[in-house]
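Okay, structure first, notes after.
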Amino acid sequence: MSTVTRITSLISVLFIFLSLSFIYVFFSDIQQLIIIRVDTYRNLTFLGSRVDVLKVSVIGLMLVLFNILIVRFLEKKYLFEARFLAFGNILFAILILVVISGIILVN
């Protein structure tokens with residue numbers, strides 16, 4: 001694994017762990033329902049618990065790890081595609097962090 005893909009993989013995993021730490025810090029004492037999704041026309045459309053918010057980050061972590069595995073295999077033959085996927089991985093991890101921050105902000 002080259003240095004560029006190793007650094008981008010590390011950054012994306014760190015963003016996911018940052019979102020997991022946000023969930024732990026802000027939702028550790030909440031026992032009631034959490035607003036997951038708000039729509040402009042219908043107001044609240046999805047309520048959930050801490051586990052539902054945690055599922056978002058865990059599924060994001062699984063997808064990031066799967067993409068890292070794909071990057072490792074692609075890097076031997078297709079360097080551009082591997083680096084493109086690695087940088088896309090960072091954007092995906094930032095998107096997960098924004099979603100978690102939005103859920104925290106609403107609640």
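What the table below lists for this structure:
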| read-out | value |
| --- | --- |
| Nonlocal amide H pairs with Arg37, under 5 Å, H built at 1.01 Å | Thr45, Phe46 |
| Karplus 3J(HN,Hα) series, Hz, for the stretch 22-28 with 6.51 cos²θ - 1.76 cosθ + 1.60 (x for Gly, Pro) | 4, 4, 5, 6, 8, 10, 6 |
| Helix-only mean residue ellipticity at 222 nm for the chain, each DSSP H run of n ≥ 4 adding -39500 (n - 2.57), per residue, nearest 500 | -26000 deg cm²/dmol |
| Selection of chymotrypsin sites (Phe, Trp or Tyr not before Pro), the stretch 33-79, meeting DSSP coil and at most 13 other Cβ within 10 Å | Tyr41, Tyr78 |
| Charge tally in the Cβ shell below 12 Å around Leu74, where Lys, Arg are +1 and Asp, Glu are -1, Leu74 excluded | +2 |
| Placed amide H near Ser49: partners under 5 Å, 5+ positions off or other chain | Ile34 |
| Label assignment, log10 I(q)/I(0) by the Debye sum over Cα atoms at q = 0.17 Å⁻¹ derived from the structure, set (i) -0.89; (ii) -0.69; (iii) -0.77 | (iii) |
| Summed residue charge, Cβ within 15 Å of Ser49's Cβ, Lys/Arg positive, Asp/Glu negative | +1 |
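Read-outs throughout are calculated quantities, based only on the coordinates presented, and are distinct from any laboratory measurement. Quantities reported herein were computed from a predicted structural model and do not represent experimental measurements. Methodologically, a virtual Cβ is constructed for each residue, glycine included, from the backbone with ideal geometry; neighbour enumeration extends over all protein chains shown.
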